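*Asks:* One structure is given below, represented as structure tokens, and several questions about it will come after.
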Amino acid sequence: MTDKPFSQACENNKRPILEVLEQAFATRKHVLEIGSGTGQHAVFLSANLPHLLWQTSDQAEYHAGIQAWLDEENVLNCKSPITLKIGEQAIPDKLYDGIFTANTAHIMQRDEVKLMMKQVSNVLPPRGVFCQYGPFTENGEFSSQSNADFHASLLERGCGGYRDISELTQWAPSLTLESIYRMPANNLCLVWTK
């Protein structure tokens with residue numbers, strides 16, 4: 001049995017995210033999670049959204065940890081991870097009417113985020129929904145000093161850093177940003193529709 005990875009941030013934000021997804025994914029059937037990470041969001045969200053078939057995905061080195069959560073929680077509507085790294089594997093085409101990602105865009109490089117936005121907008125069917133959680137800038141502005149500091153530390157570690165909502169909009173012309181939800185810890189949940 002693999003020790004389950006644990007993220008306190010996931011534990012802290014899972015309920016506020018669920019509140020958004022209960023509305024945003026109310027009529028969705030098959031959701032892909034890009035970057036399932038520890039697997040905590042996947043098991044919690046899928047268990048609380050039983051009408052969905054939830055597909056986890058991430059780079060191969062995270063699969064064992066995600067699977068450990070799936071095995072222990074035994075959520076029947078949550079599927080074992082598929083290998084997906086933006087820039088190496090393409091997002092599967094036309095399989096999902098909803099896509100979710102949390103805390104990925106500020107870790108990825110700019111070109112990877114640009115490619116993710118393009119692929120999501122291409123593979124979602126008409127009226128498909130993309131929910132994107134994490135820290136972002138708006139009109140080039142950080143929402144807090146702690147966000148500005150975190151962005152600087154991300155760049156120092158070789159991560160891509162915060163993306164501005166205007167960039168995301170430009171990179172996904174076939175998506176419409178329907179709602180911006182203010183979330184705990186100065187994060188946002190962006191709800192896009194095609």
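*Asks:* Does the stretch 96-118 contain any residue that is over 24 Å from residue 23 (Cα atoms) and without any contact (Cβ under 8 Å) to a residue 12 or more places away in the chain?
*Replies:* no
*Asks:* Residue check: is residue 177 under 15 Å from residue 100 (Cα atoms) and without any contact (Cβ under 8 Å) to a residue 24 or more places away in the chain?
*Replies:* Considered against the rule, which asks whether it is under 15 Å from residue 100 (Cα atoms) and without any contact (Cβ under 8 Å) to a residue 24 or more places away in the chain, residue 177 comes out as yes.
*Asks:* Next question. Take residue 52 and decide whether it is over 25 Å from residue 150 (Cβ atoms), among the hydrophobic types (A, V, I, L, M, F, W, C) and modelled with pLDDT under 95.
*Replies:* So residue 52 does not fit the description; no.
*Asks:* Kindly provide the set of residues from the stretch 139-160 that are in contact with a strand residue (DSSP E or B) (Cβ under 9 Å, 6 or more places away or on another chain) and surrounded by 15 or more Cβ atoms within 10 Å (Cβ to Cβ), ordered by number.
*Replies:* Selection gives 143, 147, 151.
*Asks:* Using beta carbons and a limit of 8 Å, which pairs, at least six apart or on different chains, have the first residue in the stretch 43-64 and under 15 Å from residue 89 (Cα atoms) and touching a residue at least 24 places away in the same chain (Cβ under 8 Å) and the second one surrounded by 19 or more Cβ atoms within 10 Å (Cβ to Cβ) and small (Gly, Ala, Ser)?
*Replies:* Listed by first residue and then by second, the contacts come to 56/36; 56/39; 56/42; 57/35; 57/36; 58/35; 58/36; 58/37.
*Asks:* Within the stretch 180-194, take every residue that is in contact with a Ser or Thr (Cβ under 7 Å, 6 or more places away or on another chain) and either free of Cβ contacts under 8 Å to residues at least 60 places away in the same chain or of a type in the set (Val, Ile, Thr) (or both) and give me the one that is nearest to residue 103 (Cα to Cα).
*Replies:* 186
*Asks:* Taking the condition closer than 21 Å to residue 38 by Cα, of a type in the set (A, V, I, L, M) and at pLDDT below 95, does residue 185 pass?
*Replies:* yes
*Asks:* Does residue 9 fit the bill of being among the small types (Gly, Ala, Ser) and either at pLDDT 95 or above or buried (at least 18 other Cβ atoms within 10 Å of the Cβ) (or both)?
*Replies:* no
*Asks:* Quick check on this structure: which one of 163, 127 is under 16 Å from residue 175 (Cβ atoms), among the basic types (Lys, Arg), modelled with pLDDT of 95 or more and surrounded by 14 or more Cβ atoms within 10 Å (Cβ to Cβ)?
*Replies:* Values: 127 fails: surrounded by 14 or more Cβ atoms within 10 Å (Cβ to Cβ).
The unique qualifying residue is 163.
*Asks:* Starting from the stretch 127-156, keep only residues that are farther than 20 Å from residue 45 by Cβ, then list their pairs with residues that are assigned to a strand (DSSP E or B) and hydrophobic (A, V, I, L, M, F, W, C) whose Cβ atoms are within a distance under 7 Å, requiring at least 6 positions of separation or different chains.
*Replies:* 136/188
The values are calculated or read from the model by the stated rules, or taken from the named source; none is laboratory data. Computed from a predicted model, the values in this text were never measured in an experiment. Cβ: placed from backbone, ideal geometry, glycine included. Neighbour counts: every protein chain shown.
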